[in-house]
Amino acid sequence: MPRVLILGGARTPFVKAGTEFADLDVLDLAKAATSEALARTELDPGQIDEVIFGNVARPVAYHNLAREVVLSLSMPTRIPAFTVGLACASACVAITSAADHIAGGNADVVVAGGSESLTNVPLTLTPRLARALIAASQAKSLPAKARSLADVRASDIAPVAPGIRETSTGLTMGESAERMAAMNAVSRKSQDEWALRSHRLAAAGWDDGRLAKEVGPVFLDGHAVTADNHIRRDSTPEKLASLRPVFDREHGTITAGNASPLTDGAAAVVLASEARARALGLTPLAAVRSYAYAAVDPADQLLIAPAYAIPIALSRAGLTLDDIDLFEMHEAFAAQVLSTLAVLEQNGVGRVPVEKLNVMGGSIALGHPFGATGARIVLTLANEMLRRGARYGLATACAAGGNGAAIILERAA
């Protein structure tokens, strides 16, 4: 089967929801990441066979975000495109779908990524108000329209935000993470230490130019947004320790300081068959070696599935954990990261050396636009593997519903 290469990619700055990108939507962000990725790989859009994008809080206006990216960037209209969703691992699905299509000979060059605007999440109406408004719109007279609205209560008028609770358990992701912390004896102190590490490494990654290398500017009203704005350079153990728990105010350990923030941003990577890359004279960052998805009961440890996806991906690659030179693990919560590391070791998979993990920080510091994070961790990993000359790297992400993804990359040459 054709070997699948990652030619390059780019992402927008990841910014706090409600800040610099407040006037942009998911399409604006997806366009920015895609156009920058194509520019950096110097690919003619006519070479693209397919576009695949991940998105979670999907706007009503874009039933298929990926196709809107193709059309809005004036790419050839013949390019098929589709949008995928697996919560915080959505862009992982976009990338592995692209890899499958290339490996199967059904495509040679694919753009895969993800986009999220958590500032502009779609809001819906309560069922009673929605039914009343539809009835009113269909009524023939003003009195009939008024009668249609007669049963609407004040409580029905408030918009309904997207669900943040697991349908099967009724727990929020934060409440589930608290459960994981308790089950795995992950202390508040260790969570705060991990969060501080994330911020310090992210700051270092920006200062030495490694993270800047993957970020393209977004131009707004005559100025450019060029950097992530979540990183807390002044964070200290004392400041983190002073924050109150969010999800269990009496006995909890998870705070705004040791959890990933709501974020706007997008990321895209370009994948190609080895033969096409060679024909185009392009030098890749890395190659896709294997991948795996796994799932667990959400009522147990909601975000632990990466601990089960990782050994499957390793087995498919013919590798062990000791063979991996670099790791990128999505940081939904420090408790989730530390729990995953503990379960990997308890299950006999092995110990992840922390000095090889999230070496430029993670989602706690960099931010977490749900649909884009999978592409961000793969791009970060591929760039750092090339810089270090690493042979193997592993990117992994947890996702709502008890899902988890793991993607193993290898040196391209």
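Laboratory data are not the source of any read-out in this text; all were calculated from the coordinates shown. Keep in mind that what you see is a predicted model, and the values were worked out from it rather than measured. All Cβ positions, even for glycine, are placed from backbone atoms using ideal geometry, and neighbour counts span all protein chains on display.
Could you figure out which of (1) touching a helix residue (DSSP H, G or I) at 6+ places or on another chain (Cβ under 8 Å); (2) free of Cβ contacts under 8 Å to residues at least 40 places away in the same chain; (3) of a type outside the set (Val, Ile, Thr); (4) surrounded by fewer than 19 Cβ atoms within 10 Å (Cβ to Cβ) isn't true of Tyr62? In the conditions (1) touching a helix residue (DSSP H, G or I) at 6+ places or on another chain (Cβ under 8 Å); (2) free of Cβ contacts under 8 Å to residues at least 40 places away in the same chain; (3) of a type outside the set (Val, Ile, Thr); (4) surrounded by fewer than 19 Cβ atoms within 10 Å (Cβ to Cβ), Tyr62 misses (4) alone.
Taking region 236-252 as the search range and keeping residues that are outside any helix (DSSP H, G or I) and either in contact with a Phe, Trp or Tyr (Cβ under 9 Å, 6 or more places away or on another chain) or of a type in the set (Lys, Arg) (or both), which one is farthest from Thr119 (Cα to Cα)? Write out each step before concluding.
Taking region 236-252 and keeping what is outside any helix (DSSP H, G or I), we get 236, 242-252.
If we keep only those that are either in contact with a Phe, Trp or Tyr (Cβ under 9 Å, 6 or more places away or on another chain) or of a type in the set (Lys, Arg) (or both) as well, we get 244, 249.
On the way: Arg244: 24, Arg249: 26 Å.
So the residue we want is Arg249.
Residues of region 74-86 that are surrounded by 18 or more Cβ atoms within 10 Å (Cβ to Cβ) and either at positive phi or aliphatic (A, V, I, L, M) (or both): Met75, Ile79, Ala81, Val84, Leu86.
Among Ala279, Ala256, Ala305, which is the only one that is within 26 Å of Asp192 (Cα to Cα) and free of Cβ contacts under 8 Å to residues at least 60 places away in the same chain?
Details: Ala279 fails: within 26 Å of Asp192 (Cα to Cα); Ala305 fails: free of Cβ contacts under 8 Å to residues at least 60 places away in the same chain.
Matching residue, one of Ala279, Ala256, Ala305: Ala256.
If you go through region 355-384 and pick out every residue that is in contact with a strand residue (DSSP E or B) (Cβ under 8 Å, 6 or more places away or on another chain), surrounded by 24 or more Cβ atoms within 10 Å (Cβ to Cβ) and hydrophobic (A, V, I, L, M, F, W, C), you end up with 9. Could you list all residues from region 3-32 that are under 11 Å from Ala266 (Cβ atoms), assigned to a loop (DSSP other than H, G, I, E, B) and not acidic (Asp, Glu)? Matches in region 3-32: Thr12, Pro13, Phe14, Phe21, Leu24. Each residue in region 226-269 was checked for being among the hydrophobic types (A, V, I, L, M, F, W, C), touching a helix residue (DSSP H, G or I) at 6+ places or on another chain (Cβ under 9 Å) and surrounded by fewer than 17 Cβ atoms within 10 Å (Cβ to Cβ), and 3 pass. Every listed requirement among (1) in contact with a helix residue (DSSP H, G or I) (Cβ under 7 Å, 6 or more places away or on another chain); (2) surrounded by 23 or more Cβ atoms within 10 Å (Cβ to Cβ); (3) farther than 27 Å from Asp264 by Cα is met by Ile102 save one, (1).
So, in region 265-298, of the ones that are under 17 Å from the mean Cα position of the chain (by Cα) and of a type outside the set (A, V, I, L, M, F, W, C), which residue ends up farthest from Ala99 (Cα to Cα)? Out of the qualifying residues, it is Gly265.
Scanning region 218-229 for any residue that is within 30 Å of Asp248 (Cα to Cα) and out of contact with any His (no Cβ under 6 Å at 6 or more places or on another chain) turns up at least one such residue. Whether any residue in region 323-333 is out of contact with any His (no Cβ under 6 Å at 6 or more places or on another chain), closer than 20 Å to Thr169 by Cβ and aliphatic (A, V, I, L, M) is what I want to check. For region 323-333, residues out of contact with any His (no Cβ under 6 Å at 6 or more places or on another chain), closer than 20 Å to Thr169 by Cβ and aliphatic (A, V, I, L, M): present. In region 317-337, the qualifying residues are those that are over 26 Å from Glu214 (Cβ atoms) and touching a helix residue (DSSP H, G or I) at 6+ places or on another chain (Cβ under 9 Å), and the one that is surrounded by the most Cβ atoms within 10 Å (Cβ to Cβ) is Ala335.
Scanning region 199-225 for residues that are acidic (Asp, Glu) and either crowded, with 20+ Cβ neighbours inside 10 Å or within 16 Å of Leu24 (Cβ to Cβ) (or both) yields Glu214, Asp221.
Which residues, counting only those in region 296-316, are under 21 Å from Ala390 (Cβ atoms), touching a Phe, Trp or Tyr at 6+ places or on another chain (Cβ under 8 Å) and buried (at least 20 other Cβ atoms within 10 Å of the Cβ)?
Pass one, region 296-316, residues under 21 Å from Ala390 (Cβ atoms): 306, 309-311, 313-316.
Going one step further and asking which of them are touching a Phe, Trp or Tyr at 6+ places or on another chain (Cβ under 8 Å), we end up with 309, 313, 316.
Ala309, Ala313, listed by residue number.
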